[in-house]
Number of protein chains: 2
Amino acid sequence: MSVAAAGRLRGAGQRLTGNRQALLEILERADRPLTIHDIVQSRPDLAQSSVYRNLVVLEQSGIVRRVMTGGDFARYELDEDLTDHHHHLVCTSCGSVEDLALPKDVEETIGRAARRAASRRGFVEADHRLDVTGLCKNCR
Amino acid sequence: MSVAAAGRLRGAGQRLTGNRQALLEILERADRPLTIHDIVQSRPDLAQSSVYRNLVVLEQSGIVRRVMTGGDFARYELDEDLTDHHHHLVCTSCGSVEDLALPKDVEETIGRAARRAASRRGFVEADHRLDVTGLCKNCR
DNA sequence: ATGAGTGCAAAGGCTTTGCATTAGG
DNA sequence: CCTAATGCAAAGCCTTTGCACTCAT
């Protein structure tokens, strides 16, 4: 698993336990943000409460990001500076989610517009998140 | 309140009750998506359960849209074809949300990229939602 | 050794639902 | 009139928390 993630965890004064390693490995392998259900299903030996607690720790350590894609439960993915900036393709019917990268020039346009709009309203440290929605192959 | 909304409600075979009119008026006045808590607070005579139920009806009638901005509760706003296409400016610290319109050329760039990316993955009826995140005046 | 992490079960908090009553068309 | 809508309270569901036990350092 990622050396960077482990270092960041230590840097936050947190221990690198087996459960946390397992979480990081699962999230690294995924090509989409995972639900708690996904995670526990792929590793039934992990206690659900520990998964919740460790994801909070990983989030606070800047390793993991919690994303709400519109379904009724949270999804988790590695922080963007451990992967790459990307967005999500969300099916409005079944709720499935896939990672999605946009062309660099589009990203620049969005980022520029986001920062400008934010500062105009007195917001600082502006970032953005974009979900592309539609009907997936199975649902269309 | 909006004639279009009332018509759309009727068209969906739903009754235009006092509660539903009240909801539509509140949402029309708002310049941001509202939480259930916001709504019940501004109209304490509305029963919370009826608000939930009516928002489902309004959503299924294509009048209201449920948005998850990352906080722990849902927010509701009028559907875009009753208002205008817009996005949200979300404070990552306090969770406050404001409506945000972007320049038309930026929207076109985003929409084009979104549709292209979606169709490449086999998605149809592609749309998009964008949240600009940052720290608001009070939290910065 | 010793405080953090874990697992189980119980509690929380937003949202949904059952049921008797009220009201829209 | 007759069905849908309402309000209250109870139930659901994802998530968080309490507590005793175990493990990382």
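Values quoted throughout were computed directly from the atomic coordinates according to the rules given, and no laboratory measurement underlies them. It should be emphasised that the depicted structure is a prediction, and the values quoted were computed from it without experimental measurement. Here the Cβ is made from the backbone with ideal geometry for all residues, glycine too, and neighbour counts use every protein chain on show.
With Cα atoms defining each centre, segment A:48-88 and segment B:56-93 are spaced 23 Å apart in the structure. At an R0 of 35 angstrom, the distance between the Cβ atoms of B:Thr17 and A:Asp127 translates into a FRET efficiency of 0.25.
Extension gain for A:Glu108 to A:Ser42 (0.36 nm times residue separation, less C-alpha to C-alpha distance): 20.1 nm. Percent of Cα-Cα pairs more than 28 Å apart in the protein assembly as shown, please. Tail of the P(r) past 28 Å holds 43 percent of the pairs.
B:Val97 sits among other residues whose Cβ lies under 12 Å from its own Cβ, and their net charge, with Lys and Arg +1 and Asp and Glu -1, is -3. The amide H of A:Val67, built 1.01 Å from its N in the peptide plane, has A:Arg75, A:Tyr76, A:Glu77 as neighbours under 5 Å, considering only residues 5 or more places off or on other chains. Of the beta bridges in segment B:85-140, as assigned by DSSP with both residues counted there, near 50 percent are antiparallel.
Each other copy holds its own label point for B:Ser42; taking that point as 7 Å from Cα along Cα to Cβ, the gaps run 4.2 nm, nearest first.
For segment B:17-33, 3J(HN,Hα) computed residue by residue from phi via the Karplus equation (6.51, -1.76, 1.60; θ = phi - 60°) reads 8, x, 4, 5, 4, 4, 4, 5, 5, 4, 5, 5, 6, 6, 10, 6, x Hz, glycine and proline entered as x. Other residues with beta-carbon under 10 Å from the beta-carbon of A:Ala113 carry, at +1 per Lys or Arg and -1 per Asp or Glu, a net charge of 0. Copy-to-copy label distances for A:Gly71, where each label lies 7 Å from Cα along Cα-to-Cβ, are 2.4 nm in order of increasing length.
For segment B:25-66, the Kirkwood hydrodynamic radius comes to 10.6 Å, computed from all pairs of different C-alpha atoms.
Against chain B, whose longest principal axis comes from its Cα atoms, helix B:48-60 is set at around 50 degrees. Distances between copies of A:Ala4, taken at a point 7 Å out from Cα along the Cα→Cβ vector and listed shortest first: 4.5 nm.
One quarter of the convex hull surface built on the alpha carbon atoms of segment B:85-140 amounts to 4.6 nm², the projected area averaged over directions. Extent of chain A along its three principal axes (Cα atoms, max minus min coordinate, largest first): 44, 41, 24 Å. Using C-alpha pairs under 8 Å with a sequence gap of at least 6, the mean separation divided by the residue count of chain B gives a relative contact order of 21 percent.
The coefficient of translational diffusion for segment B:1-83, derived via Stokes-Einstein from the alpha carbon Kirkwood radius under 25 °C and 0.890 mPa s, stands at 194 µm²/s.
Each residue in B:Ser61, A:Ser2 was given a count of other beta-carbon atoms within 10 angstrom of its own, and listing them fewest first yields A:Ser2, B:Ser61.
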